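Please treat every number below as a calculation from the coordinates, not as lab data. Bear in mind that the values here come from a model prediction, so they are computed numbers and not experimental data. Cβ sites come from the backbone with ideal geometry, for glycine too, and all protein chains shown count toward neighbours.
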């Protein structure tokens, strides 16, 4: 299912519209139960996020976070299959070099399709998630390519205008005053671009564009690659600086009204502000409220 809609983004960068590309990361060596079990067996706990989202009738969500407990890699795969879990394996470039090398090759192939797209930093996370699990409306402070490897996943991508992506909300996310979720209303659905991704397909979308995810009736595996460019680094620095200014009672202008030199200056200021610790990281630790269970998916701690 593909629908086409202009992005409406204030800062799409080289990626003007979301686009689907092919990749080869869906090979069994990266996506089979056996491969996942082997990696999960020894994956560093500090790189693993285990989440559960629930929703009300208006589409508003609540988040719970958990721990893996004493499950083996094979049992953790079973827990994800049987539960309603969204497991992120961060720092995949460090923990699974072979997968990262394959993803990097595919990234270069896709990036070549977009004039001026040059990444100065890339990070990745492997996402292993339960059938029918959903991820709420949010944005990433970077460019993103989602390499879908197993199962079927529906992506909703929205315009990056002030209505769908309030800049004050962006400031709070970049400054780690809140998680990546944004204010959401079901009226936004009329503006969504919708993509059903199958194994071997990758989706790229305009920088910062809000999006949400629904797994269809299948156990899913995807690799999400975030990439920074100099323009995104400058803008993120400006957003951080503006979060500090707003904390101090000031009313900074929107970054889309600023030129390249002004954004670069704000980025330089942000480097100094981060060192001062004026804004404390409010998402450094979440209370863990459940532990994974091979049969039930999760049980309360």
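Computed quantities for the displayed model
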{"read-out": "Cα-Cα pairs of the range 196-301 separated by more than 17 Å (percent)", "value": "71"}
{"read-out": "Residue of 147, 286, 30 that the Gaussian network model of the chain assigns the largest fluctuation, springs spanning Cα pairs under 10 Å", "value": "286"}
{"read-out": "Residues 133, 178 arranged by fewest to most Cβ contacts within 10 Å", "value": "178, 133"}
{"read-out": "Within a Gaussian network of the chain (alpha carbon springs, distance under 10 Å), most fluctuating of 211, 23, 254", "value": "254"}
{"read-out": "In Å, descending, principal axis extents of the Cα set of the range 87-181", "value": "39, 37, 24"}
{"read-out": "Modelled FRET efficiency - R0 25 Å, residue 214 with residue 115, Cβ distances, 0.05 increments", "value": "0.20"}
{"read-out": "Between 0 and 90°, nearest 10: helix 260-276 axis offset from the chain longest Cα axis", "value": "70"}
{"read-out": "Among 169, 111, 284, residue whose mean-square fluctuation peaks in a GNM of the chain (springs only between Cα atoms under 10 Å)", "value": "284"}
{"read-out": "Normalised contact order of the chain, rounded percent, pairs of Cα under 8 Å and 6 or more residues apart", "value": "28"}
{"read-out": "Using alpha-carbon coordinates, inclination of helix 73-82 to the longest axis of the chain, degrees", "value": "80"}
{"read-out": "Inter-label distance, nm, simple model (7 Å from Cα along the C-beta direction), residue 34/residue 189", "value": "4.2"}
{"read-out": "Exposure proxy order (Cβ contacts within 10 Å, fewest to most) of 15, 120", "value": "120, 15"}
{"read-out": "Cα centroid separation - the range 164-219 against the range 51-117, whole Å", "value": "15"}
{"read-out": "Label-point separation in nm, residue 253 to residue 198, each point 7 Å along Cα→Cβ", "value": "4.9"}
{"read-out": "Translational diffusion coefficient (Stokes-Einstein; Kirkwood radius from C-alpha pairs) of the range 1-158 at 25 °C, 0.890 mPa s, in µm²/s", "value": "141"}
{"read-out": "Crossing angle, helix 97-111 versus the chain [Cα axis fit, 0-90 degrees, rounded to tens]", "value": "50"}
{"read-out": "Spin-label model distance (nm) - residue 168 vs residue 288, 7 Å beyond Cα toward Cβ", "value": "3.6"}
{"read-out": "Globularity ratio of the chain, using Cα Rg and 2.2 N^0.38 Å", "value": "0.99"}
